[in-house]
1. What strands (runs of 3 or more DSSP E) lie completely within the stretch 3-75 and have 3 or more residues being modelled with pLDDT of 95 or more, within 27 Å of Asp155 (Cβ to Cβ) and in contact with a Pro (Cβ under 9 Å, 6 or more places away or on another chain)?
2. (1) away from the ligand (no atom under 15 Å from the Cβ); (2) outside any strand (DSSP E or B); (3) touching a strand residue (DSSP E or B) at 6+ places or on another chain (Cβ under 7 Å); (4) small (Gly, Ala, Ser): which one isn't true of Ala124, the others all being true?
3. Name the one entry in Phe158, Phe171 that is away from the ligand (no atom under 12 Å from the Cβ), in a strand (DSSP E or B) and closer than 21 Å to Ile37 by Cβ.
4. State whether one or more residues within the stretch 84-95 are surrounded by fewer than 11 Cβ atoms within 10 Å (Cβ to Cβ) and more than 16 Å from the ligand (Cβ to nearest atom).
5. Looking at the stretch 144-153, can you tell me whether even one residue there is more than 15 Å from the ligand (Cβ to nearest atom), in contact (Cβ under 8 Å) with a residue 12 or more places away in the chain and in contact with a Pro (Cβ under 9 Å, 6 or more places away or on another chain)?
6. If I ask for residues that are over 22 Å from Leu33 (Cα atoms), within 13 Å of the ligand (Cβ to nearest atom) and either polar (S, T, N, Q) or touching a residue at least 60 places away in the same chain (Cβ under 8 Å) (or both), which ones from the stretch 177-211 would you list?
Amino acid sequence: MTASVTVVDHPLVQHKLTLLRRKEASTAEFRKLLREIGLFLGYEALRDLPLGKIMIDTPVCQMEAPILAGKKLTFISVLRAGDGLLGPMLDLVPSARVGQIGLARNEETLMPEKYFFKVPRDTAARVNVVLDPMLATGHSAVRAVQEMKDIGAKDIRFVCLLAAPEGIKTFTEAHPDVPLITASIDERLNEKAYIVPGLGDAGDRLFGTKGV
Ligand code: URA
């Protein structure tokens, strides 16, 4: 199976991403820009949702009009930075259900361990969109998606803001069936597993917790 990786290269997304990356961007600016870019990422991630038809009356006449007809949606935030993409996804689909997965790095194995998992259970009948702004090593993303598969999810997509080539390789090897949507493929990871050029710590920038 060939993995699907989509880079949303729309000029508005790339412009907003530049503004968001700047170290002088305030918490408020960062939050606002992440929300705006999240709308475009969600738009792309949900591009293949099936449509049905309903009859409606416009003020002018009756018409057969398109309406979402397929599976219901669940958005799954990988805590805590994933919450920054949740708002725009819910703007797009207000009726979606929400799950949250908390993963923390085990300092001995350096692998993610689950500390929180609250996800709507009818995953097999739903489109499940996993949200995490930074695909760095890829280990958390791989684990989060695996957790969803373990409870029966079949249709899964992964949305991030930035991806490192190392993370894309790890992710697509583990889950070639899960489309990946991002705004940028950056250059590499540094020795601390931060994305370069990146934007720093997405959680700190989103919540204003740097140095806390
Ligand atoms: N997580 C972040 O928040 N930033 C990175 O650069 C890598 C992982």
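The values are calculated or read from the model by the stated rules, or taken from the named source; none is laboratory data. These figures come from a predicted structure and were not determined experimentally. Here the Cβ is made from the backbone with ideal geometry for all residues, glycine too, and neighbour counts use every protein chain on show.
1. Of the strands (runs of 3 or more DSSP E) lying wholly inside the stretch 3-75, those with at least 3 residues that are modelled with pLDDT of 95 or more, within 27 Å of Asp155 (Cβ to Cβ) and in contact with a Pro (Cβ under 9 Å, 6 or more places away or on another chain) span 51-57.
2. Here Ala124 meets the rest and fails (3).
3. Numbers: Phe171 fails: in a strand (DSSP E or B).
Exactly one residue qualifies, and that residue is Phe158.
4. yes
5. Among the residues of the stretch 144-153, not one is more than 15 Å from the ligand (Cβ to nearest atom), in contact (Cβ under 8 Å) with a residue 12 or more places away in the chain and in contact with a Pro (Cβ under 9 Å, 6 or more places away or on another chain), which makes the answer no.
6. Asn190 - this is the single residue of the stretch 177-211 that is over 22 Å from Leu33 (Cα atoms), within 13 Å of the ligand (Cβ to nearest atom) and either polar (S, T, N, Q) or touching a residue at least 60 places away in the same chain (Cβ under 8 Å) (or both).
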